[in-house]
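A.B. asks: Input: one structure, supplied below.
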Amino acid sequence: MDSGTGEGSTSFTDDYETFISTTDVDLLKRAWRNEKAAPEILQYEAALRSSLQEQNVEASEADGEDPLTMSLYQMDLDRTQFLLRSYLRVRLQKIEKYIFHILKTDESLNRLSDEEQTFAASCGDDLRAHLKETVLSKLPTDYNSELKQSAASEEDDMVPAPRLDSFVICKARQYISGLDFEPEYSHEITEMERDLLTFVCYKFIKKPLENGKIDLV
Amino acid sequence: MAGQSGSQLSLFTPDEVEFVAEDELVEIVPNLRMDSLNFICGDYGPFYPQIAIQVPLWLALALKKRGKCTIRPPQWMSIENLTQVLEGERESHAFQTLPFHYVEISRLLFDRARDDIPDVYMVRSLVEDIRDVRFHKVETNLENFTASAVTWKNMAAMEVNIIRAFSGRALQAFYRHENEQAVPDLDRTQDRQPQNLNDRPRVCRSFCCIPIFPLHHWIDKIVFISCLLDYCPTIVFLWRAYCLFVVPLQRNLRPR
């Protein structure tokens, strides 16, 4: 991932361009689309975020030449910032929606950045305090947990979890054989061709998505 | 809770789809001299007058707005190619090969670069016909959904976006029913209610409209043919009187 100067030269074909390198903006766009389309929160792209922040700072410090060039640079900066902000905003919305579930599972907690983890912890505390103050303190002892319906419940059934069986639309970036999928889903989906739009259950493609072989559309 | 608000998170608005489409490369012919632009998203230029160069669509539209270039319409937007694509769409069940963002690109070019496209009205009507035919195919293919993975070749971004929410929930419902999960959830009760609402008026309507609508269609056909032959203008007059006076009366008197 080089900073700033991607291979934007016009004479290359698409395949060659993706082979050599993709710009940070392409990677951010891909991360943004995946994050928007996926029902659960995905791994945070820390390296992408830090390199983009450096480039943002460089771009905004550029000296004014003529108004036309300045406005074009500003447009480019605005576009990149929109993508970055929308990416972070979608992640925050997902954290707020599944706050207790994320705080409970270590796997989800590890996918957050440090600031997001602080946010999640404080948001969870606030929500817990609010629920206790308004409702739970007035219920009998067996029913006043925010995680369980009653003391008789075995699991935390008051916690909404992301629906991993929702259907998403995806495209494979290369040919995917049955080995790339989890073995328990191998009878449902055996292969995926390149660049073919597929409507599929999210949990089947979770593993290839994490490996970067599939893009959500 | 998860079903309803979940769909809002994963929906792309048409503006967001257009935003993604604006990164596609198009060819422009600048009329000014400018140094290379080193953007975060790539390097473009240097720009020489009358020398064609490929830039992203958003940059092309910005330059066009300021009168600094003319945009060359892409290869696939020629009348010959579009006519061929339209015939192919009408003849076969599969989708013809078109760029993924053809809807957004064509719309942006029609709105902002109309004078750069030769025979713009013809091109515009061809693109709209293609869109209609393709979307009709999408609707008929929706009847063939099953619970497993569904693949579609060559569908465009805007078409995908339109059916994303509906098809996602439909496939999820199929999948759940096929796998007979016993978990009660809000989605099922929500799905049940609209069905009941639709059942009642359908029965009412079919019962009450039998005297009117089939007669409607036959007279319609007779009137049409007679108009063509210029045979009997009085039939036309009587038909119009029927439509204006009798049908509303029958509708008002229909038992509910």
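The values are calculated or read from the model by the stated rules, or taken from the named source; none is laboratory data. Not measured: the values here are computed from a predicted model. Positions of Cβ are generated from backbone atoms using ideal geometry, with glycine treated the same way; all protein chains shown enter the neighbour counts. SASA here: full protein model, heavy atoms, side chains in, ligands and nucleic acids out. Shrake-Rupley method; radii C 1.70, N 1.55, O 1.52, S 1.80 Å.
A.B. asks: Please compute the length gained on full extension between B:GLN75 and B:PHE174, using 0.36 nm multiplied by the number of residues separating them and subtracting their Cα-Cα distance.
C.D. replies: 31.5 nm
A.B. asks: Is there a pair in A:LYS171/B:LYS64; A:LYS29/B:LYS68; A:LYS104/A:LYS132 whose C-alpha atoms are over 23 Å apart, and which pairs would that be?
C.D. replies: Cα-Cα > 23 Å for A:LYS171/B:LYS64; A:LYS29/B:LYS68; rest within.
A.B. asks: A further question on this structure: What accessible surface, in Å², does a 1.4 Å probe find on A:MET70, ignoring ligands, DNA and RNA and rounding to the nearest 10?
C.D. replies: Near enough 70 Å² of accessible area.
A.B. asks: Further, regarding this structure: Could you grab the relative contact order for the range B:25-180? Cα pairs under 8 Å, six or more apart, rounded to a whole percent.
C.D. replies: 20
A.B. asks: Still on this model: So how exposed is B:TRP76, as accessible area in Å² (1.4 Å probe, rounded to 10)?
C.D. replies: 40
A.B. asks: Please give the contour-minus-distance gain from B:TYR242 to B:ILE51: 0.36 nm per residue of separation, less the Cα-Cα distance, rounded to one decimal in nm.
C.D. replies: 62.1 nm
A.B. asks: Once you have a ≥ b ≥ c as the square roots of the Cα gyration tensor eigenvalues for the range A:63-148, tell me rounded if a/c is under 1.5, and otherwise prolate or oblate according to whether a/b is larger than b/c.
C.D. replies: prolate
A.B. asks: Also, I was wondering about something else. Within 10 Å of each Cβ in peptide A:169-175, how many partner chain Cβ atoms are there on average? Round it to a whole number, please.
C.D. replies: Averaged over the peptide's residues, the number is 2.
A.B. asks: When all protein chains stay in place, what accessible area (Å², nearest 10, 1.4 Å probe) is found for B:HIS177?
C.D. replies: Its accessible surface works out to 120 Å², give or take rounding.
A.B. asks: Same structure, new question: When the chain is fully extended, how far beyond the present Cα-Cα distance does A:GLU191 get from A:LYS213, taking 0.36 nm per residue of separation?
C.D. replies: Extra length from A:GLU191 to A:LYS213 when fully extended: 6.7 nm.
A.B. asks: What is the spin-label model distance, in nm, from A:SER86 to A:GLU184 if the labels are put 7 Å beyond Cα along the C-beta direction?
C.D. replies: 3.5
A.B. asks: Sticking with this structure for a sec: Ignoring ligands, DNA and RNA, how do A:CYS123, A:CYS201 rank by accessible area with a 1.4 Å probe, largest first?
C.D. replies: A:CYS123, A:CYS201
A.B. asks: For chain A, give the share of DSSP beta bridges that are antiparallel, in percent and rounded to the nearest 5; count only bridges with both residues there.
C.D. replies: 90
A.B. asks: For an R0 of 56 angstrom, estimate the FRET efficiency from the Cβ-Cβ distance between A:ARG128 and B:ASP115 and round to the nearest 0.05.
C.D. replies: Computed FRET efficiency for A:ARG128 and B:ASP115 comes out at 0.35.
A.B. asks: Continuing with this model, one more query. Taking each residue of B:40-50 in turn, how many C-beta atoms of other protein chains fall within 10 Å of its C-beta, and what is the average?
C.D. replies: Per residue, the number of nearby Cβ atoms from other chains is 6 on average.
A.B. asks: Also: Report the accessible surface area buried between chains B and A, summing both sides, using a 1.4 Å probe on protein heavy atoms only, in Å² rounded to the nearest 100.
C.D. replies: Result for this pair: about 4600 Å² buried.
A.B. asks: A:TYR98: net charge of surrounding residues, Cβ under 13 Å, Lys/Arg +1, Asp/Glu -1, itself excluded?
C.D. replies: Taking every Cβ under 13 Å from that of A:TYR98, the sum is +1.
A.B. asks: Still on this structure, please answer the following. Between A:ASN144 and B:ALA94, what is the spin-label point distance in nm, taking each point 7 Å from the Cα along the Cα→C-beta axis?
C.D. replies: 6.7
A.B. asks: Here is a further query. In percent, what relative contact order does chain A have, based on Cα pairs under 8 Å that are 6 or more apart in sequence?
C.D. replies: Value for chain A: 18 percent.
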